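Right, one structure below, let's go through it.
The values are calculated or read from the model by the stated rules, or taken from the named source; none is laboratory data. Values in this document were obtained by computation on a predicted structure and should not be read as measured data. Because the Cβ atoms are built from the backbone with ideal geometry, glycine has one as well, and the counts that use them run over all protein chains shown. Note: areas computed on protein heavy atoms with side chains; ligands, DNA, RNA excluded. Shrake-Rupley method; radii C 1.70, N 1.55, O 1.52, S 1.80 Å.
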Amino acid sequence: MSGLAVRAAASVRSPRGRVPEGVPAALDYFRDLLTPFGEKPDEELLSRGPHVHHRDLVDLLVADEGVGRSRPELAIVAHALPDVVPFTAVAPHLTEQLGGRAVNFAIGQQGLAAPFTALRIASAYHCSGRAAEVVIAVLEQTTLPTPFPLPLPRETSLTDSAAALVLGASTGEGLGFVRAHAAGSAAAALGRELGEDGTLLVLGPWVTEDIPDHGAVHRVAPGSYCTSLWLELADHWQEWQRDFRRIVLCDTDPRSGRSHVALFAATGG
């Protein structure tokens, strides 16, 4: 069976938020969650956030024609930050919007590694014959009960955002997923992916170390924790597949220090 290739994609940035709802109940939950760690929720921070729910982001992604017409056998939601409302199951909601037949689940608590993990799982499902089409939704909402624990939180302004990839069997010219992996540094993770002509290197905002010399480089502006690479891929995949033979996506998780890489390559032609 051929590998997965991008069939459609969509991005969402800074959508309109909601009037805060359910904050007292959420505060009780966050108090129980944070007290054992010597912290407490910041009620003002939580109240003044945009309150864009994961479900809102999914609805906006599905409103895109290319995503909305997909009827996948597998739907994966990937996120690094929790939803505004605890205990919400968003992957089933995504599945309901896309025909209702997909196996679905969410990947969290992996930082910005979550979308890379989702790609590996999607590829395994497809290669085993269990999913001819897959939708991966990468979600990020920024209404949090405590300041986001990045190395320089006051200098880090995160934006509510989301991206979706529709992946299906490669049947001609397109952009196919090849592999995803991680290493202790960006240079190590990129070691075997660079050096070929026609390669575009897309660096996420958290890559700060020196990397091997490479000709075509696209640097993603700051503004997200885990969605940055996937927003850019959703916006530019069609032009990138025309202009380059290989697309290498790389970002470094600022909390773990591990760097993650995904390789896509032009198919057909």
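Computed quantities for the displayed model
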quantity	calculated
Output for region 239-269, where each listed residue is assigned to a helix (DSSP H, G or I), touching a residue at least 12 places away in the same chain (Cβ under 8 Å) and open to solvent by 20 Å² or more (accessible area, probe 1.4 Å)	GLN241, ASP243
Meets criteria (modelled with pLDDT under 95 and farther than 26 Å from ALA75 by Cα) for GLY174	no
Residue count for region 81-108, restricted to those that are of a type in the set (S, T, N, Q), at pLDDT 95 or above and either open to solvent by 40 Å² or more (accessible area, probe 1.4 Å) or under 15 Å from HIS53 (Cβ atoms) (or both)	2
Filter result (modelled with pLDDT of 95 or more and over 20 Å from the mean Cα position of the chain (by Cα)) within region 199-215	THR199
Qualifying residue in region 73-85 (condition: among the small types (Gly, Ala, Ser) and over 19 Å from VAL166 (Cβ atoms))	yes
Residue that is farthest from ALA137 (Cα to Cα) [pool: residues in region 209-238 that are aromatic (Phe, Trp, Tyr) and not in a loop (DSSP other than H, G, I, E, B)]	TRP237
Hits in region 51-80 (condition: open to solvent by less than 90 Å² (accessible area, probe 1.4 Å), out of contact with any Ser or Thr (no Cβ under 6 Å at 6 or more places or on another chain), assigned to a loop (DSSP other than H, G, I, E, B) and not aliphatic (A, V, I, L, M))	HIS53, ASP64, SER70, PRO72, GLU73
